[in-house]
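Notes follow once the structure below has been shown.
The values are calculated or read from the model by the stated rules, or taken from the named source; none is laboratory data. In this text the structure is predicted, and so the values were computed from the model without any measurement. Cβ placement follows ideal geometry from the backbone for every residue including glycine, while neighbour counts extend to all protein chains displayed. In case anyone asks, the SASA skips ligands and DNA or RNA and just uses the protein heavy atoms, side chains included. Shrake-Rupley method; radii C 1.70, N 1.55, O 1.52, S 1.80 Å.
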Amino acid sequence: IQTFAQLDADIFLNVLDKPDSKWGWYILLFFTSFVKFAIAAVTALAEPRINTTEFFLTVGGGALVSVVFYTYFGEQIRQWLTRLWIKRKRSGQERAPNNPKGIYRIWDRFGLLGVSSLAPFLSPMVCVGVAVSFKENPRRIILYNGLSIIVWTIIFALLRDQLLDLALNLGLLKS
């Protein structure tokens, strides 16, 4: 993280500006999966030069880092957002957020395993946020969400390879 923090902003922006840069794709996929895992997996289809190992490291790695980050900083982020929401509500700028009753039902029925298995569809941030709000043990949060992300990354990598092979066979992609 310290090395990344020292990265010159101009170099970072230049890497992202070049569509032919693999490093730009790595950074894009990593940070997209940090927020929304499934979108990063679909976005990876746009760059067929990224192999399965690179896919696993960028998409899976970003989601795994987000699980650790949100596990340890999730409570502080939730408190900050709650204070912000209360401040906006008092000023009349915002209505109350929807009550996620479905998540509570999943938690009551399946617990951490059920919520963790939904990581690619909800987002690692949401799954960890739910577990943190139910005062789950941080080690269990990281373990269950980490295993879920690894399994889903393998599934998405295999699907990606199949879709890219199909696109090559149909002549939609050049090798």
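Overview of values
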read-out	value
Protein-only accessible surface order, largest first, of Arg105, Arg78 at 1.4 Å	Arg105, Arg78
Per residue accessible area of the range 106-164, 1.4 Å probe, in Å²	53
Cα extents of the range 40-140 along the three principal axes, largest first (Å)	51, 32, 24
Relative contact order (%) - criterion: Cα under 8 Å, at least six apart; region: the range 97-161	30
Leu173 long-range amide H proximity, modeled H, under 5 Å	Leu168
Sparsely packed trypsin sites (Lys or Arg not before Pro) within the range 123-164, loop by DSSP, other Cβ within 10 Å at most 14	Lys135
